[in-house]
Amino acid sequence: MDKVLEFLNELAANNNREWFQDNKKWYDQSREKVLFLTDVLINEIGKFDPEVRGLQPKDCMFRIFRDVRFSHDKRPYKTNFGSFICKGGRKSMNPGYYFHLEPGGCFVGGGIYMPPAEPLRTIRSFMADHAEEFLEFTQDPDFKKDFPEMYDDRLKTAPKGFPKDHEHMDLLRYKSFIFSKTFSDKVVKSDKYIETMVDTFHQLYPVNSFLYRALE
């Protein structure tokens, strides 16, 4: 991964089409490494989460090209690589496992990010009836040690259709259900990186399992 992070460092300093075309071979090599990493993770995660078995890496990995049509930031390329490993691939809006490669900003995460209104309402309804179960594993000391807080993106008031005095309104106000953990560049470059990621994703499996059931 050191060569991949080196490419991303250089891309961040030279985020223009001319440099990118001159270094297209380096990009292709880096992309292939991330696809290979994604493939390895699909196989490893599939050992404890059958929902991801048989996925194609290209259906999980995000494109490096930015959509600049409606953005003031006209830089053409993202300065990171990332893959979201989930049932149906990254566009399916299912719960899954994400890894993010960016110099000084590497992390992994699990759960579901900003689901559309109907799936979000379904998750909230399930959460309203099963919050104690969710809290049982997310408040476990071993889990809290690596994931102290859920990604904090919440409504300011109670979501429509739920009683304002619900015992677990703090959970029902969330718009995403995501936990994440940062990794240093040193860990990413080490020969323990994949093993560390797989262990972390295994910790996050109960979150995704809960969300699978909610959406069913």
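The values are calculated or read from the model by the stated rules, or taken from the named source; none is laboratory data. Keep in mind it's a predicted model, so treat the numbers as computed, not measured. Quick reminder, even Gly has a Cβ in these numbers, built from the backbone with ideal geometry, and neighbours come from all protein chains shown. Just the protein is used for accessible areas: all its heavy atoms, side chains included, with ligands, DNA and RNA removed. Shrake-Rupley method; radii C 1.70, N 1.55, O 1.52, S 1.80 Å.
Points worth noting:
- Residues that are among the hydrophobic types (A, V, I, L, M, F, W, C) and not in a helix (DSSP H, G or I), drawn from region 161-216: PHE162, PHE177, ILE178, PHE179, PHE183
- Filtering region 89-117 to residues that are in contact (Cβ under 8 Å) with a residue 24 or more places away in the chain, part of a loop (DSSP other than H, G, I, E, B) and not acidic (Asp, Glu) leaves GLY89, MET93, ASN94, PRO95, PRO103, GLY104, GLY105, TYR113, MET114, PRO115.
- Long-range neighbours under 8 Å by Cβ, at least six apart or interchain, first residue more than 20 Å from LEU5 (Cα to Cα) within region 29-57, second among the aromatic types (Phe, Trp, Tyr) and open to solvent by 40 Å² or more (accessible area, probe 1.4 Å): PHE48/TYR205; ASP49/TYR205
- Residue count for region 155-184 satisfying the condition of being charged (D, E, K, R) and touching a helix residue (DSSP H, G or I) at 6+ places or on another chain (Cβ under 8 Å): 3.
- If only residues of region 103-128 that are small (Gly, Ala, Ser) and over 30 Å from LYS3 (Cα atoms) are counted, the one that is surrounded by the most Cβ atoms within 10 Å (Cβ to Cβ) is ALA128.
- Region 54-69, subset open to solvent by less than 30 Å² (accessible area, probe 1.4 Å) and assigned to a loop (DSSP other than H, G, I, E, B), residue nearest to LYS91 (Cα to Cα): CYS60
- Residue that is open to solvent by 50 Å² or more (accessible area, probe 1.4 Å) and either in contact (Cβ under 8 Å) with a residue 24 or more places away in the chain or among the acidic types (Asp, Glu) (or both), where the choices are ASP165, ASP146: ASP165
- Search result, residues across region 175-196 that are hydroxyl-bearing (Ser, Thr, Tyr) and open to solvent by less than 20 Å² (accessible area, probe 1.4 Å): SER176, TYR193
- Boolean, LYS78 is in contact with a Gly (Cβ under 8 Å, 6 or more places away or on another chain), open to solvent by 30 Å² or more (accessible area, probe 1.4 Å), touching a residue at least 12 places away in the same chain (Cβ under 8 Å) and of a type in the set (Lys, Arg): no
Listed here are the residues, each with its yes/no results for (1) under 20 Å from HIS202 (Cα atoms); (2) open to solvent by 60 Å² or more (accessible area, probe 1.4 Å); (3) of a type in the set (Asp, Glu); (4) in contact with a Lys or Arg (Cβ under 8 Å, 6 or more places away or on another chain).
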{"residue": "GLU18", "(1), (2), (3), (4)": "no, yes, yes, no"}
{"residue": "GLN21", "(1), (2), (3), (4)": "no, yes, no, no"}
{"residue": "GLN29", "(1), (2), (3), (4)": "no, yes, no, yes"}
{"residue": "GLU32", "(1), (2), (3), (4)": "no, yes, yes, no"}
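- Every residue from region 1-34 that is within 15 Å of TYR193 (Cα to Cα), among the hydrophobic types (A, V, I, L, M, F, W, C) and part of a helix (DSSP H, G or I): VAL4, LEU5, VAL34
- Conditions (1) open to solvent by 40 Å² or more (accessible area, probe 1.4 Å); (2) at pLDDT 95 or above; (3) within 26 Å of VAL4 (Cβ to Cβ): number failed by TYR151: (2)
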